[in-house]
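Since the structure comes first, as structure tokens, the remarks are kept for the end.
The values are calculated or read from the model by the stated rules, or taken from the named source; none is laboratory data. Note that the structure is predicted; figures quoted are calculated from it, not measured. We place every Cβ from the backbone using ideal geometry, glycine too, and count neighbours over all the protein chains shown. Remember, those area values only see protein heavy atoms, side chains included, never the ligands or the DNA or RNA. Shrake-Rupley method; radii C 1.70, N 1.55, O 1.52, S 1.80 Å.
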Amino acid sequence: MIVGQDRAVGQFASAWATRKLHHAWLLAGPKGVGKASFAHAAARRVLAEAAGPPFDLPSLETPDEHPMVRLVEAGSHPDMRRLERLVNEKTGNLARNISVDQVRELGEFLTLTSALSPWRAVVIDTVDELEASGANALLNILEEPPANTLFFLVSHAPGRLLPTIRSRCRRLDFATLDDDAMTSILERQAELTAGERQRIIAMSGGSAGRALAFAELGLAKLEDAALAILRQGDPTNARRSELASELGKKAAADRYAAFLDLAPSLIAREARKLDGGSRERALDAYARARELAAIAPRLSLDPGATVFQIGGILAEVAGSTSLKR
């Protein structure tokens, strides 16, 4: 069930019902608002309805016991491919990018005849993570797409994609989720008190993925530490050093990843309380923190050093602003 994205769901479901639909769909919006879940649900609906047996459910819904749904959920449907970053066998970490070899393998798959119905589905999560040669290889596929093949391209930053890729896609925009949608998701998927739920919603900036990660990792203490730097500064570097030491450990990888999501959103939230030059400086800090948080995993930057640097950006906001209380 895709919560809070009725417009995007309705647009695709209507197009699929007519079978007169664009071959490539660019799913654009912030992280954690349902784009990948939508892609998976849409692919599941297409493959199940195309192959049968028939069922009577609305929108993108599919019966769990349907044989095609079971194949999709098991990752073994012969007419579906999912491209994402692979795990590096030597380091155990995710690769920096989706490689051109993965895209070439996809191209080879698309030369084959579909197995269970005339339709096939491809999910790329995320298309932002294609290396340059991989993006060009994908463009070649999109320029001459095979019949009855649907591409779902998940993107957190569509403006960074090749214009020629964007131009060959129909775009569906996914907005941040409102508090009602966030509450519904957290009530179903996380055991929280009402107070904990509201605090996590406030931290999460309309991203259900971020909220669920925060709930699982118990990040309230981490938020408090970051807010202390943001509001009070860190003249001795002690606060950011403590954070860097805590999050730089291998065992803290998930909390480190969550901190990269959390820090920019905290700056943005505090910036709303400012005006004039103070607000401009806070927004500049937000942009720098967001950029660093985005590139750090891709470039395998040292976690401790990255946290310390982001802590410095947080402290700059405290040192140059006067927050309205």
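Only one entry of L71, L57 meets the criterion of being over 11 Å from V123 (Cβ atoms), open to solvent by 40 Å² or more (accessible area, probe 1.4 Å) and not in a loop (DSSP other than H, G, I, E, B), and that entry is L71. When the residues of segment 295-316 are filtered to those that are without any contact (Cβ under 8 Å) to a residue 40 or more places away in the chain and among the aliphatic types (A, V, I, L, M), the one that is least open to solvent (accessible area, probe 1.4 Å) is A296. Scanning segment 89-126 for residues that are of a type outside the set (K, R), farther than 23 Å from A36 by Cβ and under 26 Å from the mean Cα position of the chain (by Cα) yields E89, T91.
Of all residues assigned to segment 161-175, none qualifies as being part of a helix (DSSP H, G or I) and touching a Ser or Thr at 6+ places or on another chain (Cβ under 8 Å). Residues in segment 11-33 that are at pLDDT 95 or above, small (G, A, S) and open to solvent by less than 30 Å² (accessible area, probe 1.4 Å): A13, A15, A24, A28, G29. Does E84 qualify as being open to solvent by 20 Å² or more (accessible area, probe 1.4 Å), in contact with an Asp or Glu (Cβ under 6 Å, 6 or more places away or on another chain) and of a type outside the set (S, T, N, Q)? So E84 fits the description; yes.
Residues that are open to solvent by less than 40 Å² (accessible area, probe 1.4 Å) and more than 17 Å from A285 (Cα to Cα) within segment 225-259 comprise A225, L243, A244, L247, G248, A252, Y256, A258, listed in sequence order. Looking at segment 66-75, is at least one residue in contact with a Ser or Thr (Cβ under 8 Å, 6 or more places away or on another chain) and under 27 Å from A208 (Cα atoms)? Yes, the conditions are met somewhere in segment 66-75. Taking the numbered list (1) touching a Leu at 6+ places or on another chain (Cβ under 8 Å); (2) open to solvent by 60 Å² or more (accessible area, probe 1.4 Å); (3) part of a loop (DSSP other than H, G, I, E, B) in turn, L112 passes all entries but (1).
Wholly within segment 237-325, which helices (runs of 4 or more DSSP H) include no fewer than the required count, namely at least 2 residues that are farther than 30 Å from T126 by Cβ?
Fully inside segment 237-325 and qualifying: 238-247, 276-298, 303-320.
Could you list, in sequence order, the residues of segment 179-205 that are touching a helix residue (DSSP H, G or I) at 6+ places or on another chain (Cβ under 8 Å) and not in a helix (DSSP H, G or I)? Matches in segment 179-205: A190, L192, G205.
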